[in-house]
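> The structure's right below; bear with me while I get my questions together.
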């Protein structure tokens with residue numbers, strides 16, 4: 001019996017060793033499977049996190065770009081608004097000045113004052129006396145020089161009309177003002193002559 005017991009013990013030991021080795025193998029294979037699974041999971045999470053990081057960076061770049069763009073637009077719009085407000089204020093002051101001029105010149109007394117002072121006119125029953133200062137008199141030589149200048153200016157105007165309409169209008173005004181002054185002075189001289197003859 002002892003031998004049977006020994007054989008049983010040996011067989012039990014062999015079985016136990018086999019079971020242990022099988023258990024170890026199974027445990028090792030499970031551990032290996034779990035490690036590979038964990039590696040796969042880590043790879044997946046790394047890919048997921050890297051994808052989310054790239055997506056977040058892209059969103060931040062977009063937001064930054066749009067903020068910079070909006071700031072630059074607001075700055076440019078504010079400068080445009082400021083210039084337009086200046087232009088509007090100038091136009092309003094110009095309109096007020098023109099309305100005041102209209103009110104001033106619409107009365108008969110102001111029109112009479114303009115006619116007396118600027119155009120050297122006299123009312124009915126009044127005698128106009130003009131005192132010429134030597135500074136205001138225009139000699140014949142000056143008249144000839146002025147006529148030559150106007151002819152030259154007219155030629156230059158024709159050339160410049162093609163290039164610029166703004167310059168054209170300012171020169172016309174300047175020449176017409178000179179011509180008006182000459183006409184006024186001539187009419188004043190004629191009036192003086194007529195007054196002296198009477």
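Just so you know, all these numbers are worked out from the coordinates, no wet-lab data involved. Keep in mind it's a predicted model, so treat the numbers as computed, not measured.
> Mean 1/r over all different Cα pairs, inverted: what Kirkwood radius does the range 82-130 give, in Å?
That comes to 13.3 Å for the range 82-130.
> What length, rounded to one decimal in nm, is gained on full extension from residue 35 through to residue 82, with 0.36 nm per residue of separation minus their alpha-carbon distance?
10.0 nm
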